[in-house]
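*Asks:* Quick one: the structure is below, and I'll ask about it shortly.
The values are calculated or read from the model by the stated rules, or taken from the named source; none is laboratory data. Fair warning: this is a prediction, and the values are worked out from it, not measured in the lab. Virtual Cβ from ideal backbone geometry, glycine too; neighbours counted across all protein chains shown.
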Amino acid sequence: MGDSTLEKVDRDFLRKYESLLRSIPARRDLAKIRYKINDAHELIGKAKENGDPLMSDNAVRKYMRILFEAFQWADGEGIFIKSPANKFFAPVENEKMDQDFKSDFTDEDLNAIFGMPWYKRGTVDKNSQGQFHHYRAFHYWLPLIGFFTGARINDLCQLYLDDIKQDATGFYFFEISNERDDQSLKTINSRRKIPLHPTLIKLGLIHYCEALKKAGHERLFPELPYHSVKGYGDKASDWFNRSLLKERLGFEKDSKKSFHSFRHTFSTRLKQAGIDSETRAQFVGHIRGSGETENRYSKDHPPAALYAVLESVTLGLPEVAPFVCEDGVDAVADALRIKQINKQRR
């Protein structure tokens, strides 16, 4: 990254430095000998090419704290009005608590989930009456969006079609907010903009949104009912965690894996790719920094910048067939029709 004086170092410089550290081989000295390379950038490229283990999170934090000691001295000398190293890392305690409850999905898990029939063909067969009795459009889209965003299930289930927006440069993004009375967020930091991964667009999400609007719908998942306490995620959570994972795919009943595991998997793969902690925090809606001042003055990256991050990371989605949009709209209509029939019977 070249030499730089203390007063020229800002927050962006530290983020780039952290990302660089996360790209360095764990056993750097041995890697230098094995590849006969001394240049750090060449070594990083060789390590990535060969899939070498990279520097651990603890090691990265250790190196960063050594650097922060210089900033602490400079802060005391009045060189900085506010040190760019102040509260650089998000609180580790919250991450540890979260990880105690849920586990990442393995590649084998993901192959099983995205190996379901609707991912092989983009739809399923209708019944003898020409209707979808069990299949729902959210069965296809919800796990995929969870995989590519790391968002909480209720954040996704409560999305309206106009929450999927396009910025001035043409990038599509999800706006996660609580603007409407039937929307809620876990914390204030959950409000954010997440770019649509290009694979979601390729599989037909934007086309599906346009078809839903044409059919007169306002929400991305109009087939999901609202629960006054649990929001729109109640039925979807039960379907994924119980019906799909445990009953159809045979996950153990006491397994720590659930829809929330997409969140952990996404965050882990960003970390493994060397993405800095603040950018990861913005993606998943964690606190950016660890204090009020940090939150107030630290601006989020625009969707275009986060899109570039997504493009640089290999998330490892198994092969999935494009969504059959017409069937998806029909499945929504069938779900709402069944809901109305059940309501009349009560």
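*Asks:* Which condition number in (1) surrounded by fewer than 21 Cβ atoms within 10 Å (Cβ to Cβ); (2) assigned to a helix (DSSP H, G or I) is the one that H139 fails?
*Replies:* (1) is the only condition that H139 fails.
Let's see how each residue does on (1) surrounded by fewer than 15 Cβ atoms within 10 Å (Cβ to Cβ); (2) closer than 18 Å to F283 by Cα; (3) in contact (Cβ under 8 Å) with a residue 12 or more places away in the chain:
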{"site": "R180", "(1), (2), (3)": "yes, no, yes"}
{"site": "L185", "(1), (2), (3)": "no, yes, yes"}
{"site": "N189", "(1), (2), (3)": "no, yes, yes"}
{"site": "I194", "(1), (2), (3)": "no, yes, yes"}
{"site": "K202", "(1), (2), (3)": "yes, no, yes"}
{"site": "L205", "(1), (2), (3)": "no, no, yes"}
{"site": "K213", "(1), (2), (3)": "yes, no, yes"}
{"site": "P222", "(1), (2), (3)": "no, no, yes"}
{"site": "S243", "(1), (2), (3)": "yes, no, no"}
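*Asks:* In the stretch 19-48, what residues are at pLDDT 85 or above and either among the acidic types (D, E) or in a loop (DSSP other than H, G, I, E, B) (or both)?
*Replies:* Correct list: R22, S23, I24, K36, I37, N38, D39, E42.
Condition check ((1) part of a loop (DSSP other than H, G, I, E, B); (2) in contact with an Asp or Glu (Cβ under 8 Å, 6 or more places away or on another chain); (3) modelled with pLDDT under 95; (4) closer than 30 Å to K16 by Cα) across all residues:
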{"position": "H217", "(1), (2), (3), (4)": "yes, no, no, no"}
{"position": "P222", "(1), (2), (3), (4)": "yes, no, no, no"}
{"position": "V229", "(1), (2), (3), (4)": "yes, no, yes, no"}
{"position": "L244", "(1), (2), (3), (4)": "no, no, no, no"}
{"position": "E252", "(1), (2), (3), (4)": "yes, no, yes, no"}
{"position": "H264", "(1), (2), (3), (4)": "no, yes, yes, yes"}
{"position": "S267", "(1), (2), (3), (4)": "no, no, yes, yes"}
{"position": "K271", "(1), (2), (3), (4)": "no, yes, yes, yes"}
{"position": "I275", "(1), (2), (3), (4)": "yes, no, yes, yes"}
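*Asks:* Would the stretch 74-94 turn up any residue that is part of a helix (DSSP H, G or I), within 30 Å of the chain's Cα centre (by Cα) and modelled with pLDDT of 75 or more?
*Replies:* No, the conditions are met nowhere in the stretch 74-94.
*Asks:* Given P222, P195, which one is within 30 Å of E278 (Cα to Cα) and out of contact with any Ser or Thr (no Cβ under 7 Å at 6 or more places or on another chain)?
*Replies:* P195
*Asks:* Within the stretch 130-160, count every residue that is under 22 Å from P322 (Cβ atoms) and touching an Asp or Glu at 6+ places or on another chain (Cβ under 6 Å).
*Replies:* Going through the stretch 130-160 one residue at a time, the tally reaches 2.
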